[in-house]
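Worksheet: one structure, shown below.
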Amino acid sequence: MVKTFLLELSQGFSDPEYVEKILSGQKLIMYENLKIKCISIIDGDFIKSVFLQCASHLNHDSGFQLPETIFENVELKIFTKIMSRILTELNELCFIDQHNGYLYSNFLKIYPINSSQAPKGIRQSKCLSNYIYLSNILSVNQDSDRIPFPALLKRFILMYELKFIYGNTSSKLNQLTQHF
């Protein structure tokens, strides 16, 4: 289920049509009526302060205390690393670079696999070299690896709400990704 979510997330936010709309400054229609009719009556500074407080709360929230053994689960570690990289990219760009989206998607599609178990077609393709490249990147330990996946999901929700509902796509939550 987590794998499917990450796959859909990376494919959706790296979709060429979506990226083109973001880069050309086009509005994403889904929430525009809500912004015009309802949210426009709320002071922008108030919205910013609420999001800053929420981000601060998430950074200091210890509500996700998980047993240490959960951090030994290799699959969860990999999914957490991919999610933290997606969050960092979305916070900065509001989309996932198409190359990175391709890497994440292909990695998730063939994970778990190692080169000795890979089918011959994959072993001889660029797909395996991308898999190995991303595996090497993901093998580097970072502070974000200790953030539980549910906390990353809360960060994603907060970032999504800021960028697409209450703010605009250029909004950033610097405090939100300081732990990445």
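Results, tabulated for the structure shown:
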read-out	value
Check on L87, at pLDDT 70 or above and either within 21 Å of the chain's Cα centre (by Cα) or farther than 15 Å from F164 by Cβ (or both)	yes
Odd one out for F64 among (1) at pLDDT 80 or above; (2) among the aromatic types (F, W, Y); (3) outside any helix (DSSP H, G or I)	(1)
Count of region 43-61 residues which are part of a loop (DSSP other than H, G, I, E, B) and modelled with pLDDT of 80 or more	1
Sole residue being assigned to a helix (DSSP H, G or I), aliphatic (A, V, I, L, M), modelled with pLDDT of 90 or more and out of contact with any Asp or Glu (no Cβ under 7 Å at 6 or more places or on another chain), chosen from L6, L34	L6
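The values are calculated or read from the model by the stated rules, or taken from the named source; none is laboratory data. Given the structure is predicted, the values throughout are model-derived calculations rather than measurements. Glycine gets a Cβ as well: all are built from the backbone with ideal geometry, and neighbour counts include every protein chain shown.
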